[in-house]
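Before any comments, here is the structure.
The values are calculated or read from the model by the stated rules, or taken from the named source; none is laboratory data. As the structure is a prediction and not an experimental result, all values here were calculated from the model. Cβ placement follows ideal geometry from the backbone for every residue including glycine, while neighbour counts extend to all protein chains displayed. To get the accessible areas, we keep the full protein, side chains included, count just its heavy atoms, and leave off ligands, DNA and RNA. Shrake-Rupley method; radii C 1.70, N 1.55, O 1.52, S 1.80 Å.
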Amino acid sequence: MVLLVTSHLSLIAIDVNNLFIAYPHLSRLSWLLPLLYGPLILLLTESLVSVQFSFKPRHALYFLPFATYLVLLAPYYVSSADFKIAYLSDPLKVAEADFGWMNHLTNYFHLLFTIAALLVFYAGKRNLSQYFSDSARINLTWLGQFLWAFLGILVFSVLTFYSKKFDWEYLSRIYPKHFILAVIFIYWLAYKLLGEKMKFTIAEEAIREKFEPAQHEFALKEESQSKYSKTGLDAKTASQIAEKLQELMQKERPYLNPSLTISDLSDMLSLSKHQLSQVINAEFDINFYEFINSYRLQAFKKEAINPGNSHLSILGIAFECGFNSKATFNQFFKKKEGITPSEFLKRSRAGCRTFC
């Protein structure tokens, strides 16, 4: 994505400085490259909010506008430098073409893909807590902010496009300087992907489910059906699994792994993740995220009042117990206990001095 933005920005710089005559074979590439933005943003959004994301044939359709433009522009791209220079030497003809139907339609492709990405984001985000215990994989607020901000930039871009096309006073002077806004937000997206330390667990699970044995193939088939109707569990079996799950959590303490996923836990119990998700929802009346972090919370409460841990900070103990985010830890603790971690520790120590 960053490489695409860099290439596009370079072409805009060449255009603004009237250098296409010196580099004629680079002309009109700026008509084509922007058609990759929408598909890439939509694919990125799907990959982050879809638990079983993998590239499918239908995803190739996202690039149909790009392929169509490539075919339509191919005769110009393969034409001689002399032909292109003759065309580029006529400013009126260039301006008419630049604001013609192709770039006009490109604006609406951008809007369509970004709106689609927002719909995918909100549809998939709420399901992540069923599969992940890592707050970084669930709290995708930054992605929603990016998509809304990018949509705002696109609306503004369409406005400046038409202001230039119809020569509206003042606003037309902004074009094409508004491109810098898109550049800032694309780089911001790259920064967030690195800063959040995203491990792209989704891609790893897609690979595992493609190449590992039958239990993952079974889980994939279930995805297209109702969420739990085909897991094959009755009430008695679900109750037995719940007992085994509690025993596993107490003995092996997998919740200490801050990036624990439902696939990791289901592998330990030789279940599909859909079966395990059903058990957690039905038997404990909570989702996977709350189930795992409840164990982490209890572990923290035990370790926090242990005199042997007095040299550790509250956050240090929380991290030792499987939490990996200060904000998530504080929020989850306050939600479950009704007080802050520091207030809990203060009360616990006061109680110990009184009764110990």
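I'd like the full set of residues that are modelled with pLDDT under 85 and under 14 Å from ILE41 (Cβ atoms), limited to the stretch 150-165.
Matches in the stretch 150-165: PHE150, ILE153, LEU154.
For PHE332, which of the numbered conditions (1) assigned to a helix (DSSP H, G or I); (2) of a type in the set (Phe, Trp, Tyr); (3) touching a residue at least 60 places away in the same chain (Cβ under 8 Å); (4) in contact with a helix residue (DSSP H, G or I) (Cβ under 7 Å, 6 or more places away or on another chain) fails to hold?
In the conditions (1) assigned to a helix (DSSP H, G or I); (2) of a type in the set (Phe, Trp, Tyr); (3) touching a residue at least 60 places away in the same chain (Cβ under 8 Å); (4) in contact with a helix residue (DSSP H, G or I) (Cβ under 7 Å, 6 or more places away or on another chain), PHE332 misses (3) alone.
What number of residues within the stretch 295-309 satisfy the criterion of being part of a helix (DSSP H, G or I) and open to solvent by 30 Å² or more (accessible area, probe 1.4 Å)?
Qualifying residue count, the stretch 295-309: 7.
Might you let me know whether the stretch 42-51 holds any residue that is out of contact with any Lys or Arg (no Cβ under 7 Å at 6 or more places or on another chain), under 27 Å from SER163 (Cα atoms) and of a type in the set (A, V, I, L, M, F, W, C)?
No, there is no match, as no residue in the stretch 42-51 is out of contact with any Lys or Arg (no Cβ under 7 Å at 6 or more places or on another chain), under 27 Å from SER163 (Cα atoms) and of a type in the set (A, V, I, L, M, F, W, C).
Would you point out the residue of the stretch 106-149, among those that are of a type in the set (Ser, Thr, Tyr), in contact with a Phe, Trp or Tyr (Cβ under 9 Å, 6 or more places away or on another chain) and modelled with pLDDT under 85, that is farthest from GLY38 (Cα to Cα)?
Of everything passing the filter in the stretch 106-149, SER133 is farthest from GLY38 (Cα to Cα).
Each row is one residue, and each column tells you yes or no for (1) buried (at least 19 other Cβ atoms within 10 Å of the Cβ); (2) of a type in the set (Phe, Trp, Tyr); (3) in a helix (DSSP H, G or I).
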position: ILE14; (1), (2), (3): no, no, yes
position: ASN18; (1), (2), (3): no, no, no
position: TYR37; (1), (2), (3): yes, yes, yes
position: ALA60; (1), (2), (3): no, no, yes
position: THR68; (1), (2), (3): no, no, yes
position: VAL71; (1), (2), (3): no, no, yes
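Run LEU92 past the list (1) modelled with pLDDT under 90; (2) crowded, with 17+ Cβ neighbours inside 10 Å; (3) part of a helix (DSSP H, G or I) and report the number of the one that doesn't hold.
Checking LEU92 against (1) modelled with pLDDT under 90; (2) crowded, with 17+ Cβ neighbours inside 10 Å; (3) part of a helix (DSSP H, G or I), the one that fails is (2).
Quick test for you: out of LEU312, LEU271, LEU345, pick the one residue that is modelled with pLDDT under 90, open to solvent by less than 40 Å² (accessible area, probe 1.4 Å) and in a loop (DSSP other than H, G, I, E, B).
LEU271
When the stretch 108-124 is examined, which residues are found to be farther than 18 Å from TRP148 by Cβ and crowded, with 17+ Cβ neighbours inside 10 Å?
PHE109
Being open to solvent by 50 Å² or more (accessible area, probe 1.4 Å), assigned to a helix (DSSP H, G or I), modelled with pLDDT of 90 or more and more than 20 Å from ILE12 (Cβ to Cβ) is the requirement here; does LEU42 meet it?
Criteria not met by LEU42.
What are the residues in the stretch 315-342 that are surrounded by 13 or more Cβ atoms within 10 Å (Cβ to Cβ) and among the small types (Gly, Ala, Ser), if any?
Those that are surrounded by 13 or more Cβ atoms within 10 Å (Cβ to Cβ) and among the small types (Gly, Ala, Ser): ALA318, GLY322, SER325.
Kindly indicate whether THR354 is surrounded by 16 or more Cβ atoms within 10 Å (Cβ to Cβ) and at pLDDT below 85.
So THR354 fails the test.
Does SER47 qualify as being under 24 Å from GLY124 (Cβ atoms) and assigned to a loop (DSSP other than H, G, I, E, B)?
In short, no.
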